[in-house]
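The values are calculated or read from the model by the stated rules, or taken from the named source; none is laboratory data. Remember, it's a predicted structure, so these values are computed and weren't measured experimentally. FYI the Cβ positions are ideal-geometry reconstructions off the backbone, even for glycines, and counts take in every protein chain you see.
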Amino acid sequence: MMPRLLLPLSLLAAVPAAAAAQTMEADFAKGLDGLQARSSMFARHRPSGRTIAIRADQPMNTLSVIKLAVMIQAFRDVEAGKFKLTDRYPVRAEDYRRGSGLIQTFDPGVSLTWRDLIEQMIITSDNTATDILIGKVGLKAVNDMLARFGFKQTRLNSTTGALFREVWIRADPKNASMTDREVFDKGFPTGPESAARSFAIEGDSTKWLGVTTAREIVTMLEGILDAKYASKAHSQMMVEMMGRQFSTSRLPRRAQYKGVHVAHKTGDWPPIAGNDVGILFYQGGPTVVGIFTGQNKGDFVELEALEGRIAERLATEWK
């Protein structure tokens, strides 16, 4: 009779957990592959170290997700004594940007604290606040910081104003001389070719607002959690800001109704792209996850719904 192989209890417990993780990864891959879009994701369960990686090292268009890096640099500058969160900035007419955010609806001259601007950049993804902050901390400083902390692919490439000007340049190269205020006043070009132009720009990596990978953005979120980039107090402020994110149509879509608190940052160009990255806080967590989509030709509502189902399942199964 062959001797029975007795495994330690710890290994026996790990077998079903590993099998479940493989099944979940396969299901997520099937769902993402079923979208008519480029996609990638990475997730890590902090207590156990379990991970799911689907094209996790593929460079993706960050859209507004890159604003997390601007936030980090802003808090680092505060700690370096370059400015205070309570200092105020009077918003000028030339600062206004289209797209997401509420500051563009305020009268010129409204005086906001730097903390206000950082928060609006995160919770409403405010583009006016974003470009004001990039002007304050410096695009190069953001990228130098990212390189210093070992990010090889994550970079801030542009301001939102420059991205929106590119939309006009694609319509007519003569528009290259437009000022940020002129771009704001004119909005976005319309007409039969406008959708195709937007699709082409979102897919052109030389024009991306920022670039990252799903794995690197999860590393960034974990660094915020671990107070790697700023003090514990400021790191906690960053997490709390992400937790007040207004958009709930992706990662929090279902999980928020099951006791999961989601601190996250979206990146949008609907219906072409819809990213969401964040930290899922729940009993048995947290789990950190990044999902990126781009060049979408399918149902954008289903794209968002899939991200919500992924977050719900992660929080349900990773305990």
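When 250, 309 are screened for being within 13 Å of the chain's Cα centre (by Cα) and at pLDDT 95 or above, only 250 passes. Within segment 161-180, is even one residue part of a loop (DSSP other than H, G, I, E, B) and touching a strand residue (DSSP E or B) at 6+ places or on another chain (Cβ under 8 Å)? No, that holds for no residue. Within segment 289-307, not a single residue is within 28 Å of residue 115 (Cβ to Cβ), of a type outside the set (Gly, Ala, Ser) and assigned to a helix (DSSP H, G or I). Looking across segment 263-278, the residues that are surrounded by fewer than 24 Cβ atoms within 10 Å (Cβ to Cβ) and touching a residue at least 40 places away in the same chain (Cβ under 8 Å) come down to 268, 269, 272. Of the candidates 91, 78, 65, 167, the single residue that is under 19 Å from the mean Cα position of the chain (by Cα) and in contact (Cβ under 8 Å) with a residue 24 or more places away in the chain is 65. Selection within segment 101-134: residues that are part of a helix (DSSP H, G or I) and in contact with a strand residue (DSSP E or B) (Cβ under 7 Å, 6 or more places away or on another chain). The member of this set that is nearest to residue 157 (Cα to Cα) is 132. Report whether or not residue 151 is more than 29 Å from residue 263 (Cα to Cα), aromatic (Phe, Trp, Tyr) and not in a helix (DSSP H, G or I). When the stated conditions are applied, residue 151 does not pass them. If the condition is being among the hydroxyl-bearing types (Ser, Thr, Tyr) and under 24 Å from the mean Cα position of the chain (by Cα), then segment 176-220 contributes 198, 205, 206, 212, 213, 219.
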